[in-house]
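Read the structure below first, then the notes.
Any read-out appearing in this document is the output of simple, stated calculations on the displayed coordinates, not a laboratory observation. What you see is a predicted model, and the numbers here were worked out from it, not measured in a lab. Reconstructed Cβ throughout: ideal geometry from the backbone, glycine too, with neighbour counts over all protein chains shown.
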Amino acid sequence: MRKFRVTVNGVTYNVKVQEEIKSVAAVAGSQAVVPVAPAVAAPSPAAAPVDIAAGDTAVKAPMPGKVTKVLVKKGDRVKKGDVLLILEAMKMQNEITSPASGCVKLMNIANGQGVKPGEVMAVIG
C-alpha cells in the first residue's frame, strides 16, 4: 500500500493505493492473467570493514549523505583542518576536514557515493 497526497482543483486529498501488478502469460495458444510480485530493490552492499592501525586516524561520516567531491587521494600529505572531501546532506555542502596531520593511507569513498553515519571514509596516518 502506497500513500500519496494529491491536489485537484486546489483541494488536497490523502490517497492510499494498493499496487497490484499482473502479467499475461501465453502457453500453447491460451492466455492467463498472472499476478506478479512487485520488484524489491536489492540491498546496497555493506561497506567493507576497514582495519585501522595503531596511530592512524579514521575519518568517519558524521551524517548520511552523498560524496560530491573528493579533494585528496591516497598518498597525499594533509594537515589538521585541511578539507578532504565535500559531503552533501539535506542539500547542504559540508566540508569534511582532516582531524590530524599525516599521510592519506586510504580513501574508502569516491565521487557520487552515498555514505552512512559512522562509515569510514578515509584513514590518515
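Under a straight-distance cross-link criterion of Cα-Cα below 22 Å, which lysines are reachable from Lys116, leaving out those fewer than 8 residues away in the same chain?
Leaving aside lysines fewer than 8 places away in the same chain, those within reach of Lys116 are Lys60, Lys66, Lys69, Lys73, Lys74, Lys91, Lys105.
Sketch the reach of a paramagnetic label on Asp56 as a point 7 Å from Cα along Cα-to-Cβ, and name the residues of the range 64-86 whose backbone nitrogen lies under 14 Å away.
Label zone hits: 74-76.
What order do you get for Leu85, Leu71, Leu106 when you list them from fewest to most C-beta neighbours inside 10 Å?
Leu71, Leu106, Leu85
Calculate the spin-label point distance for Lys66 paired with Val83, positioning each point 7 Å from the Cα along the beta-carbon direction, and give it in nanometres.
Result: 1.9 nm between the two label points.
Applying a 10 Å radius around every beta-carbon, put 6-14, 72-80 in order of their mean neighbour count, most first.
72-80, 6-14
Along the Cα→Cβ direction, 7 angstrom out, place labels at Lys74 and Val17. What is the inter-label distance in nm?
About 4.6 nm, to one decimal.
Through the Karplus equation 6.51 cos²θ - 1.76 cosθ + 1.60, θ set to phi - 60°, convert the phi angles of the range 56-62 into ³J(HN,Hα) values in whole Hz; use x for Gly and Pro.
8, 10, 8, 9, 9, 5, x
Taking H as built 1.01 Å from N, whose amide H comes closer than 5 Å to the amide H of Leu71, not counting residues under 5 places away?
Leu85, Ile86
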